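Notes to accompany the following structure.
The values are calculated or read from the model by the stated rules, or taken from the named source; none is laboratory data. Note that this is a predicted model, so its numbers are computed, not measured. Every residue, glycine among them, receives a Cβ derived from its backbone with ideal geometry; neighbour counts consider all protein chains shown. These accessible areas exclude ligands, DNA and RNA; they are computed on the full protein's heavy atoms, side chains included. Shrake-Rupley method; radii C 1.70, N 1.55, O 1.52, S 1.80 Å.
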Amino acid sequence: MRVAALYDIHGNVPALHAILAELEVVKPDLIIIGGDIISGPMPVQTLEMLFQLDTPVQFIRGNGDREVVLTFDGEALDLEMSDSVREITSWVAEQLSRSHRDFLAQLPLTYTLKREDFEDVLFCHAIPTNDEDIFTPLTSDAVVATFFEGTQQRTVICGHTHVQFERRLSDLRILNAGSVGMPFADKPGAYWLLLDGDSYEHRFTPYDVEAAAKLIASTQYPQAQPFADENVRKIPTAQEALEFLEALAQKNRPSTD
């Protein structure tokens, strides 16, 4: 069974379109949409594109999806959320219809792929128990072990940090699929993961980033120009992102590291 794991699309329709075109050749049996689907410049177009797929699709939720639903419902968000993220979340929520909101609200935190000939695989956005904790290849084994304590599956696929990597912890294999729409990597493009039996491949799909940046900059998205310039035309490297994310995570987690 071939499974394409597409994480952290962040409303980047040109990037998603490029991967879906490639999937017409790859022909996966299942597509996993791993959360943080819509928090970006083209939220409604992103959802509608995914709804039209003929290939079976399984969605899970990300922290961005959850926060947009809370905002749609008029509920309070995390007080530590930055003003820019709050502005983005409010704008995205305003674009949604009630049916979009209801779809996002019922997304599960995790999904377990059960396979007859291979071991089961767990898909989550961040870690199995929540959609926001951060870990990276720089995180200590002790901290990662606490995040995955009690996890029955021996292969877990996640996203959230937008960086492709593999992490081993005893017999546990953790794979980060990277990000379709806001990657942290050595070159611009769209990043995802292909699972085929017990083997996997971190995939990269190029697309016309200049045309995409111009299209994104023309939207009403509050951070349209910065998104186009800093997440499409030019992107943070994986090393830059990992160092920043690990510092942020250490600041916010208990001092067990």
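Taking only Cα atoms and a 10 Å spring cutoff, compute GNM fluctuations for the chain and point out the largest among Tyr111, Tyr191, Tyr200.
Evaluated over the chain, the most mobile residue of the options is Tyr200.
Of the DSSP beta bridges with both residues in the chain, give the percent that are antiparallel, rounding to the nearest 5.
60 percent
If I model a spin label as a point 7 Å beyond the Cα along the Cα-Cβ vector, how far apart are those points for Met81 and Ala145 in nm?
3.5 nm
Pop out the ³J(HN,Hα) list for the stretch 182-191 in order, Karplus 6.51 cos²θ - 1.76 cosθ + 1.60 with θ = phi - 60°, rounded to Hz; leave Gly and Pro as x.
With coefficients 6.51, -1.76 and 1.60, one gets 9, x, 10, 6, 6, 8, x, x, 10, 10 Hz.
Grab the other residues whose beta carbon is less than 11 angstrom from that of Arg154, score K and R as +1, D and E as -1, and report the net. Let's see the in-between values first.
Details: positive: Arg168, Arg173; negative: Glu119, Asp120, Asp171, Asp198.
Result for the local shell: -2.
Out of residues 5 or more away from Ile127 or on other chains, whose amide H comes under 5 Å of its own, with H placed 1.01 Å from N in the peptide plane?
Here the answer is Glu132, Asp133, since their amide H atoms fall under 5 Å of that of Ile127.
Check which residues have an amide H placed less than 5 Å from Ile157's amide H, if you skip close sequence neighbours.
Leu122, Phe123, Cys124, Leu175
Can you list, bin by bin at 10 Å, the percent of alpha carbon pairs in the chain, starting at 0?
Binned Cα distances yield the sequence 7, 32, 39, 20, 2.
Suppose only helical runs count, i.e. DSSP H with n ≥ 4. What mean residue ellipticity at 222 nm does that imply for the chain under -39500 (n - 2.57) per run, divided by all residues and rounded to the nearest 500 deg cm²/dmol?
Counting only the DSSP helices, I get -10000 deg cm²/dmol.
Evaluate the relative contact order of the chain (contact order divided by residue number), counting alpha-carbon pairs under 8 angstrom at least 6 apart; express in whole percent.
Rounded, it is 21 percent for the chain.
Would you mind giving the average projected area, over all directions, of the Cα convex hull of the stretch 74-190 in nm² with one decimal?
Averaged projected hull area, Cα only: 10.0 nm².
Roughly how many percent of the accessible protein surface of the stretch 106-257 is carbon and sulfur, given a 1.4 Å probe and a whole-percent answer?
49 percent
Where in the stretch 1-29 is the amide nitrogen less than 18 Å from a point lying 7 Å along the Cα-to-Cβ axis of Asp196?
Residues 1-6, 19-29 fall inside that zone.
Label Glu210 and Arg233 with points 7 Å out from Cα along Cα→Cβ: what is the distance between them in nm?
The answer from the label model is 1.1 nm.
Over the stretch 156-257, what is the mean sequence separation of C-alpha contacts under 8 Å (at least six apart), divided by residue count, expressed as relative contact order in percent? It would help to have the intermediate numbers written out before the result.
On the way: 157 pairs, mean separation 22.8, N = 102.
In percent, rounded to a whole number, it is 22.
What number comes out for accessible area per residue over the chain if the probe is 1.4 Å? Units Å², please. Can you show the working numbers first?
Numbers: 11640 Å² over 257 residues.
Value returned for the chain: 45 Å² of accessible area per residue.
Relative contact order (percent) for the stretch 74-182, with alpha-carbon contacts under 8 angstrom and 6 or more residues of separation?
Computed value for the stretch 74-182: 18 percent relative contact order.
Quick one: which residues, 5 or more positions from Val57 or on another chain, have an amide H under 5 Å from its amide H? H modelled 1.01 Å from N in the peptide plane, none for Pro or chain starts.
Here the answer is Ile31, since their amide H atoms fall under 5 Å of that of Val57.
Based only on the alpha carbon positions, what is the Kirkwood hydrodynamic radius of the stretch 175-226, in angstrom? Walk me through the numbers on the way to the answer.
Numbers: mean 1/r = 0.0793 Å⁻¹.
That comes to 12.6 Å for the stretch 175-226.
Under 12 Å from a point 7 Å along the Cα-to-Cβ line of Gln106: which residues of the stretch 1-27 have their amide N that close?
none
At a Förster distance of 30 Å, what's the computed FRET efficiency of Ser90 paired with Lys251, Cβ-Cβ distance as r, to 0.05?
That gives a FRET efficiency of 0.70.
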